[in-house]
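Only one structure is covered here, and it is reproduced in the block below.
The values are calculated or read from the model by the stated rules, or taken from the named source; none is laboratory data. Bear in mind that the values here come from a model prediction, so they are computed numbers and not experimental data. As a convention, Cβ positions derive from the backbone with ideal geometry for all residues, glycine included, and neighbour counts pool all protein chains shown.
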Amino acid sequence: MPRLRRVERIAALTKMLTSRPHELIPLSYFCAYFDIAKSTLSEDLVSIRKSFETFSLGEIETVFGAAGGVRYLPVRRGKEAAEVLERIAATLADEERILAGGFLYMSDILYNWYWMTAVGEIFMTRFRHARPDCIMTVETKGILPAMMAARAFNRPLVVARRDSRVTEGSSIGINYVSGSTKRVQTMSLAKRALSAGQRVLIIDDFMKAGGTAKGLMQLVHELGAETVGVGVLVATAEPAHKLVEQYTPLLVLHGMEDGATRPHIEPQLQRTKEE
């Protein structure tokens, strides 16, 4: 590799770090890759860290010791998180988005990679303390926010299905009662998708009464794993009592009772332990 100027090296180093979030990369790897001394690398990392802190682009964390290294944490909180959630809320606050049954049309938001990347980073920030081994959701609309959360955590995504598939081998299925429709529904997961003792963070796009989230938690329990958190992009204000006790919504939907003409979306901007 040709000798790089410092500005060129810092640009490449930044790209390499942000492409591998949460991964602890040995300092020796970068020293060998760029053919530089550790002291030079340390100066580069100080510059990157300062820039990230100034512009709220995430955190650069250095771990010292024989097993240490450096990693990028895609933290999005405070003003940066508020701006994203407020813009999504403003987009969703349209009377034409109200669907029969008290639901909200969200597909254009959910399938927008820019918004979901930001949402995934907000979920990562708010559940950072949970230290999940994997992110879990149910097909289909929850896949995008869950995938972006999995990327922010640098953890695998596990997707439960509405029915079992032969191509996934043996699976475990459960019946659960939908909290909103009161109908019995089914959900299944390949047995090899989770291992006993794994820490699972559940992410979904929408919660009305919490039946789907509770079903996912039951699947996690059946496979001997542990649910360490439940996050949803949008939760309705009513019913106030959900089937899951602990969950974290990024947005709360008000005004979906019968006869409502316009939804009111409230971003959840309260500070968390991590923020």
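Any idea how many residues of the stretch 70-111 are within 20 Å of the chain's Cα centre (by Cα), surrounded by fewer than 16 Cβ atoms within 10 Å (Cβ to Cβ) and in a loop (DSSP other than H, G, I, E, B)?
1
Quick one: in the stretch 225-243, which of the residues that are more than 16 Å from the chain's Cα centre (by Cα) and modelled with pLDDT of 95 or more is surrounded by the fewest Cβ atoms within 10 Å (Cβ to Cβ)?
Result: E226.
Under 8 Å between Cβ atoms, at least 6 apart or on separate chains: pull out the pairs that start in the stretch 35-64 with a residue that is more than 22 Å from P2 (Cα to Cα) and in contact (Cβ under 8 Å) with a residue 40 or more places away in the chain and end on any residue that is hydrophobic (A, V, I, L, M, F, W, C) and assigned to a helix (DSSP H, G or I).
Partner pairs satisfying both residue conditions: G58/F52; I60/L17; I60/L45; I60/I48; I60/F52.
Considering only the stretch 196-204, I want to know if a residue exists there that is in a loop (DSSP other than H, G, I, E, B) and over 19 Å from I135 (Cα atoms).
The answer is no, given that none of the residues of the stretch 196-204 is in a loop (DSSP other than H, G, I, E, B) and over 19 Å from I135 (Cα atoms).
Whether any residue in the stretch 201-224 is at pLDDT 90 or above and hydroxyl-bearing (S, T, Y) is what I want to check.
For the stretch 201-224, residues at pLDDT 90 or above and hydroxyl-bearing (S, T, Y): present.
Restricting attention to the stretch 213-221, does a residue exist that is more than 19 Å from the chain's Cα centre (by Cα) and either in a strand (DSSP E or B) or without any contact (Cβ under 8 Å) to a residue 24 or more places away in the chain (or both)?
yes
Of the residues T137, T186, which is in the same structural domain as L233 (by TED's automatic domain parsing), in a strand (DSSP E or B) and touching a helix residue (DSSP H, G or I) at 6+ places or on another chain (Cβ under 6 Å)?
T137
Hey, among the residues in the stretch 156-180 that are touching a residue at least 40 places away in the same chain (Cβ under 8 Å) and outside any strand (DSSP E or B), which one's nearest to G211 (Cα to Cα)?
Within the stretch 156-180, the match that is nearest to G211 (Cα to Cα) is G179.
Could you tell me whether any residue of the stretch 12-21 is under 30 Å from E266 (Cβ atoms), of a type in the set (S, T, N, Q) and not in a helix (DSSP H, G or I)?
The answer is no; no qualifying residue exists.
Is it true that R162 is more than 17 Å from I203 (Cα to Cα), more than 17 Å from the chain's Cα centre (by Cα) and not small (G, A, S)?
no
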